Structures are given as C-alpha cells and as structure tokens.
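Student: Dropping a structure here in structure tokens format, bear with me for questions.
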C-alpha cells in the first residue's frame, strides 16, 4: 500500500488560520482561544458530539451481553 504524505505550507496555513480566526471573532465578538471552548465553533460544529452521545446512549452497549452480539440481536 502506498503512503500519502501531505505537505502543509506554514505561510499559507497561518494566513488561512488568521482569516478563520478573524471571521469567527467577527461573527461572535468573542476572542478565539480554542475550537472546543469557543461558542461559535461549538454552535457550528458541536452538534456532532451531541449526535454521538445520543447514539451511544440509545445503543446502551454497556448492557450488551456477548450472546447479543454473536447472534445479531441488535
């Protein structure tokens, strides 16, 4: 299998990250410190974590028995 290597140009990365940061701060009027703690990124992207948590809760896989998995009772 062939390996793929990505090359990120530091200048372009910084340029686009600065533009992203300016946009997020402009939309929210809140300084950008991190993706996880920022209200704008949480509003735009946080739904993914809510869906993940809801799905795990509904599956309740902690209560599964080995036999449930082996015979596909799910």
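Taken together, the values in this text are just the output of simple stated rules run on the coordinates, not laboratory data. Note that this is a predicted model, so its numbers are computed, not measured. Don't worry about glycine lacking a Cβ; one is built from the backbone with ideal geometry, like all the others, and counts go over all protein chains shown.
Student: If I fit a long axis through the Cα atoms of helix 10-28 and take the longest principal axis of the Cα atoms of the chain, what angle between them do I get, 0 to 90°, rounded to 10?
Tutor: Once rounded, one gets 80 degrees.
Student: If one takes the longest principal axis of the Cα atoms in the chain, at what angle in degrees, from 0 to 90 and to the nearest 10, does the Cα axis of helix 47-59 lie?
Tutor: Helix 47-59 sits at roughly 10 degrees to that axis.
Student: Another question about this same structure. So between residue 66 and residue 47, what do we pick up on full extension, going 0.36 nm a residue minus the alpha carbon distance?
Tutor: Value of the extension gain: 3.7 nm.
Student: Determine the calculated [θ] at 222 nm for the chain from helices alone, applying -39500 (n - 2.57) to every DSSP H run no shorter than 4 residues and normalising by the residue count; nearest 500 deg cm²/dmol.
Tutor: -18000 deg cm²/dmol
Student: Scaled to the compact-protein estimate 2.2 N^0.38 Å, what is the alpha-carbon radius of gyration of segment 35-74, rounded to two decimal places?
Tutor: So segment 35-74 has a normalised radius of gyration of 1.73.
Student: Please give the length that would be gained between residue 23 and residue 5 if that part of the chain were fully extended, namely 0.36 nm times their separation in residues minus their C-alpha to C-alpha distance (nm, one decimal).
Tutor: 3.5 nm
Student: Arrange the peptides 20-29, 45-54 so that the one whose residues have, on average, the most other Cβ atoms within 10 Å appears first.
Tutor: Descending mean neighbour count gives 20-29, 45-54.
Student: Let me ask you something else. Under 25 °C and 0.890 mPa s, how fast does the chain diffuse according to Stokes-Einstein, given a Kirkwood radius computed over C-alpha pairs? Answer in µm²/s, whole number.
Tutor: 149 µm²/s
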